[in-house]
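Here's the structure we're looking at; comments come further down.
The values are calculated or read from the model by the stated rules, or taken from the named source; none is laboratory data. Here the structure is a predicted model, which means the values were calculated and not measured. Here the Cβ positions follow ideal geometry from the backbone for every residue, glycine too, while neighbour counts run over all protein chains shown. Ligands, DNA and RNA are stripped out before the accessible areas are found, and what is left, the full protein with its side chains, is counted by its heavy atoms. Shrake-Rupley method; radii C 1.70, N 1.55, O 1.52, S 1.80 Å.
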Amino acid sequence: FTISAGGAIAGTADLAGGDLTLKSGISTGTGSSAIHFFTASAGSTGTADNTPTEKVTILNNGNVGIGTTSPYAKLSVWGSGTGATEMANFTNSASTTVMSILNNGNVGIGTTGPGAKLHVYTGNIRMTVSQGADASASMGQYQWFNRNGNINALTGTIDLIRDASSYGASAMVFSNKN
């Protein structure tokens, strides 16, 4: 089954194609409506029917769910597991992965196999601490890895030290005190 919105007549210039409008049913009172998209996944060889299952849901409040029928945010994406398989992959126009999110929560920038909660493969990282605090602020911890992904000896904390006597003067300190 194919729905087509039509299009411009061949040989004519600068005409827009037809718009496709998909609309859910009218509701009354406190009732609402939603749009549900179902597809059938491939099965095994044979003649058995592959029953379609819901893949995308758009609720009356505009929340969109991929892999869930109950999206709780404007976009809710549910993966298919909890391991190190990709849940989301963002690529540029050159088909290069720029960011990857795994089912285990790891996020990779420049890599499809992040080995930590945030894994940046080459490039710069910017960390910002809110302005106005005169006290020192801890920004987190660091671990240095070599090209093979093996942890080097340096691990420790990242601290932003602000000198209250001279407005704006600060230093980022990497220390491996344990």
Residue in segment 30-39 that is farther than 25 Å from residue 88 by Cα and β-branched (Val, Ile, Thr) present: yes
Any pair with Cβ under 9 angstrom, 6 or more apart, that starts in segment 14-26 at a residue that is without any contact (Cβ under 8 Å) to a residue 40 or more places away in the chain and within 14 Å of residue 58 (Cα to Cα) and ends at one that is open to solvent by 50 Å² or more (accessible area, probe 1.4 Å) and assigned to a loop (DSSP other than H, G, I, E, B): 22/3; 24/32; 24/60
Which numbered condition residue 61 fails, given (1) open to solvent by 70 Å² or more (accessible area, probe 1.4 Å); (2) under 30 Å from residue 122 (Cβ atoms): (2)
